[in-house]
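Before any comments, here is the structure.
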Amino acid sequence: MSSLSITGVTKSFGATRAVDDVTLDVPHGSFTTVLGPSGCGKTTLLRLIAGFLAPESGSIAFGDTVVAGDRVRPVPPQDRRVGYVPQEGALFPHLDVAANISFGLPREARATRGDDRVAEMLELVELPADFRHRRPDELSGGQQQRVALARSLAPAPAVVLLDEPFSSLDAGLRDSTARAVRRALQATNTTALLVTHDQNEALSLADQVAVMRGGRLVQSASPSEVYLSPSDPQVAEFVGRAVVLPGTAHGDRAACALGEVVLTSPAEGEVALMVRPEQVFVDLAHAEGVRGTVQEVSYYGHDCAVQVRLGDGTPVQARMAGVRHPVAGDTVHLRVTGLVRAYRPAGSP
Ligand code: ATP
């Protein structure tokens, strides 16, 4: 097992810069999710790491071993010790689970301790031992993805790459499969990189979230840092709901349509303020805060999203517990709790 270092990697297809000067470190044994909209270069980055594509500049190293880079003979995919788990359809349909899992083992290991390794891997991905005789079409989608992970982990790879491995699963199965995969990777202390465009998945699974946009890596940090302190308002809106308001800052405070807010760090002059909907307190009982009219309520049971239009016309979304909530047409008062991140407005120097 080893860490993964990507340094200044660029890859173009014709005029499209699919991956643009990306630098990212994935520490040994950690789990990084690569989050970004469709077409931002996530799969291309995985393919570069796996060795299916070669970078036109930059380098990729597993631990101290450079596998691709200037003046370095590229290490072919089969020698990189990379496990790859694609979206679906990864398993050989004509082979049973045991044969699928042991497929990547060296011939001698398969002959001598293939059975043990299959049993070990099934246990690791939390599947019953007797599944070894089933064929892929006798498994659910989530079970197939666990077998795909077991197959990628069987040869003890240096790095496991997962390309939207849960996207074909329905919500409940998706979450339980993702947790099982996470536990299996943690138990084996495997360095892993998972590509997704699902914000919840990216935040809830990762030690580190790498956000990509237009081929570039725009932020890599812990899930809470990416959520609470996104590098720009676009990242804020991509990793969750965000209310972005113009404001005027003076020191650690700023004035905006939601009244005075306290900033995470001091700023001066015109700013864009990023408030998470759960920071907007909806006061139903008292006339404290900025007055607005409820436009719409989306009720989710555990909580609800409340769309409010302020007196000056500004739309604001609040998130509140679902126990007691307003209805469309109600007058409410809003105030911001917690600290607010300020950005220079778009287009300013
Ligand atoms: P998705 O989430 O939809 O899978 P992605 O973030 O994984 O998207 P990539 O598949 O890496 O994005 O593609 C990045 C860009 O490179 C896109 O504009 C895509 O059209 C382009 N691209 C990818 N592979 C090729 C290729 N083999 N030839 C030409 N263009 C390509």
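The values are calculated or read from the model by the stated rules, or taken from the named source; none is laboratory data. Given the structure is predicted, the values throughout are model-derived calculations rather than measurements. Because the Cβ atoms are built from the backbone with ideal geometry, glycine has one as well, and the counts that use them run over all protein chains shown. What goes into the accessible areas is simple: the full protein's heavy atoms, side chains included, and nothing from ligands, DNA or RNA. Shrake-Rupley method; radii C 1.70, N 1.55, O 1.52, S 1.80 Å.
Dividing the helix sum by the residues of the chain, where each DSSP H run of 4 or more adds -39500 (n - 2.57), gives a mean residue ellipticity at 222 nm of -7000 deg cm²/dmol. If I build a Gaussian network model for the chain, linking alpha-carbon pairs within less than 10 angstrom, which residue out of Phe13, Phe92, Phe62 has the largest mean-square fluctuation? Most flexible of the set in this elastic network: Phe13. Relative contact order for the chain: 16 percent, from Cα pairs under 8 Å spaced at least 6 residues apart, divided by residue count.
Estimated translational diffusion coefficient (Stokes-Einstein, Kirkwood radius over Cα pairs, 37 °C, 0.692 mPa s) of the stretch 4-237: 181 µm² per second.
Here the chain is assigned +1 on the Cβ of each Lys and Arg and -1 on the Cβ of each Asp and Glu. Its dipole about the Cα centre then comes out at about 580 debye.
What is the set of long-range amide H partners of Phe103 at a cut-off below 5 Å, with H atoms built 1.01 Å from backbone N? Under 5 Å from the amide H of Phe103: no residue qualifies. In order along the stretch 312-324, the phi-based Karplus estimate (6.51 cos²θ - 1.76 cosθ + 1.60, θ = phi - 60°) of 3J(HN,Hα) comes to 8, x, 5, x, 9, 9, 10, 10, 9, 4, x, 5, 9 Hz; Gly and Pro are listed as x. Taking only the Cα atoms of the stretch 279-349, the radius of gyration and Dmax are 13.5, 45 Å. Backbone amide hydrogens, once placed in the peptide plane, bring Leu258 within less than 5 Å of nothing, excluding anything fewer than 5 places away on its chain. Per residue, the solvent-accessible area of the chain (1.4 Å probe, heavy atoms of protein chains only, all protein chains present) comes to 47 Å². With the charge dipole of the stretch 4-237 set up from +1 on Lys and Arg Cβ and -1 on Asp and Glu Cβ about the Cα centre, the Cα lying farthest toward the positive end among the listed residues Ala221, Ala187, Pro106 is that of Pro106. Of Leu273, Leu45, Leu95, the residue with the greatest mean-square motion in the GNM of the chain, using alpha carbon springs below 10 Å, is Leu95. Please report the accessible area of Lys11 (heavy atoms, 1.4 Å probe, ligands and nucleic acids excluded) in Å², nearest 10. Estimated to the nearest 10 Å², Lys11 gives 40 Å². In the stretch 243-343, a dipole from Cβ-located charges (positive for Lys and Arg, negative for Asp and Glu) runs towards its positive end, and of Gly292, Pro326, Met274 it is Pro326 whose Cα lies farthest in that direction. Only the Cβ atoms of Lys and Arg (+1) and of Asp and Glu (-1) were treated as charged; on that basis the dipole of the stretch 239-308 about its Cα centre amounts to roughly 120 debye.
A Cβ-based charge dipole, computed about the Cα centre of the stretch 1-112 with Lys and Arg at +1 and Asp and Glu at -1, lands at about 180 debye.
For the stretch 152-163, 3J(HN,Hα) computed residue by residue from phi via the Karplus equation (6.51, -1.76, 1.60; θ = phi - 60°) reads 5, 8, 3, x, 6, x, 6, 9, 10, 10, 10, 9 Hz, glycine and proline entered as x. In this structure, the amide hydrogen of Met212, modeled 1.01 Å from its nitrogen in the peptide plane, lies closer than 5 angstrom to those of Leu35, Gly36, Val218, counting only residues at least 5 positions away or on a different chain.
With contacts taken as Cα pairs under 8 Å and at least 6 residues apart, the stretch 243-343 reaches a relative contact order of 33 percent. Using a probe radius of 1.4 angstrom, the carbon and sulfur fraction of the accessible surface of the chain is 50%. For the peptides 327-336, 254-263, residues were scored by their other Cβ atoms within 10 Å and the scores averaged per peptide; the highest-first order is 254-263, 327-336.
From the residues Gly14, Phe31, Leu45, which one has its Cα farthest along the dipole of the chain in the positive direction, the dipole being from +1 and -1 charges on Cβ of Lys/Arg and Asp/Glu about the Cα centre? Highest projection toward the positive end goes to Gly14. Note on the chain: GNM, Cα springs under 10 Å; of Met212, Met320, Met121, the largest mean-square fluctuation is that of Met320.
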